[in-house]
Amino acid sequence: MNKRYWKSFLIAGFAAGSFLSFADTADAAKMSCIQKYRLCNQRCAGAAGPRGDWTACINRTCNRQYDNCASSY
């Protein structure tokens with residue numbers, strides 16, 4: 001996948017999950033797997049900055065966390 005696709009995906013994720021941006025870690029247990037995944041994407045994008053490559057962070061961290069969360073159900 002190219003960067004343009006990921007950028008569009010993340011922008012859509014930010015819009016859909018923006019209400020979760022101030023969630024506490026104590027609230028993480030109450031969140032669904034997709035909500036946790038969106039927050040992780042936001043953290044990766046924020047850490048990478050405007051010109052950074054956040055796909056490595058998403059693949060390394062968010063995808064793994066989502067898989068572990070989804071398999072726990």
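The values are calculated or read from the model by the stated rules, or taken from the named source; none is laboratory data. These figures come from a predicted structure and were not determined experimentally. Don't worry about glycine lacking a Cβ; one is built from the backbone with ideal geometry, like all the others, and counts go over all protein chains shown.
Residues that are assigned to a helix (DSSP H, G or I) and modelled with pLDDT under 95 are absent from region 31-41 altogether. In the set (1) assigned to a helix (DSSP H, G or I); (2) modelled with pLDDT under 95, GLN65 fails one condition alone, (2). Would you confirm, using the coordinates I've provided, whether ALA70 is in a helix (DSSP H, G or I) and exposed (fewer than 11 other Cβ atoms within 10 Å of the Cβ)? No, not satisfied.
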